[in-house]
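Throughout, read-outs are computed from the coordinates displayed, never taken from laboratory work. Predicted model only: the values in this text are computed from it and were never measured. Note that we place each Cβ from the backbone using ideal geometry, even for glycine, and neighbour counts take in every protein chain shown.
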Amino acid sequence: MRPPPLPHQTNVLRAALERIAGWSEIEGARTPVVVFDLDATLYDNRPRTLEILMEYREEVVESEPEVADSLATLTSEHIEYLLSDTLRGCGITAASVVADVTRYWHDRFFTDDYLQHDAALDGAAEYVRACHEAGGIIVYLTGRDIPGMFLGTVASLRDSGFPIGVAGTELVLKPDANLPDEAFKRGALPTLDRLGDLVAFFDNEPANCNLAKAMYPDCTVVLLETQKVPYAPDPAADVEVGVSDFRIG
């Protein structure tokens, strides 16, 4: 059993929720907008990678038994941001093997078929529902792409209990898988102003949090401390940190 959330996390999440609920009382305020990233923010996608690696293991268990044995030692907790780091951690370093595993993983990770293996972070669905019930427009702003991951994302959100397909929800994905995530969000963030006032923003990447804070200084920006790109910048001083999931009690 996990220990209870730290008071700081509870305070940050509750304050953001109270701000959303009270936003309509501010003179001249528009509808509050709440933005959530998906991977490593609302969802732990490490089980997706683990499933793909276990499928690869089954395919090579007879031809490459040493590789299969190494992969068998992995759990979700061993999955690093970079696949090469994950493989190195279980002793797989041969360039040809790393390249083969990487191709196998890449062909599957960014597809609808494997999104069902993602696990919602503790309290995530309940918290997003609370933001929606408090009057916020929920925007899922994700680096997933429309051609390969739209249908699976909708199904995953639905099955995990997140509000989707109802008034006050928006799902915004990349039009092209080759578009870098940060560039996509840099272009998408200004368009959200048409929905209302951006009141809260949640993401696992410091660069995206800093970008949101620069564009919307009055917005509560929260960095989820899960996984992030190597050599990520430090979060800006006015970005909320110390939040690892969405439990508020």
Worksheet item: What's the FRET efficiency of E77 with R186 using the Cβ-Cβ distance as r and R₀ = 35 Å, to the nearest 0.05?
Response: 0.60
Discussion item. What distance in nm separates the two pseudo spin-label positions at T10 and L195, each 7 Å out from Cα along the beta-carbon direction?
Written reply: 3.0 nm
Discussion item. Report the rotationally averaged projected area of the range 25-145 based on its alpha-carbon convex hull, in square nanometres.
Written reply: 9.2 nm²
Worksheet item: Which one of A214, L50, L141 has its Cα pushed farthest toward the positive end of the charge dipole of the chain, where Lys and Arg give +1 and Asp and Glu give -1 at the Cβ?
Response: A214
Worksheet, complete the sentence: Rg from C-alpha atoms of the chain, normalised by the globular rule of thumb 2.2 N^0.38 Å, equals 1.07
Worksheet item: Relative contact order, percent, of the range 96-202 when contacts are C-alpha pairs under 8 Å separated by at least 6 residues?
Response: 28 percent
Worksheet item: Over the range 1-84, one equal point on each Cα, no solvent: what is log10 I(q)/I(0) by the Debye formula at q = 0.11, 0.25, 0.26 Å⁻¹?
Response: -0.56, -1.19, -1.23
Practice prompt. Give me the percent of DSSP beta bridges within the chain that run antiparallel, rounded to the nearest 5.
Written response: 10 percent
Worksheet item: Can you give the direction-averaged projected area of the convex hull of the alpha-carbon atoms in the range 94-156, in nm²?
Response: 5.8 nm²
Response to the item:
Rounded to a whole number, the Stokes-Einstein D of the range 97-221 in µm²/s (Kirkwood radius over Cα pairs; 25 °C; 0.890 mPa s) is 155 µm²/s
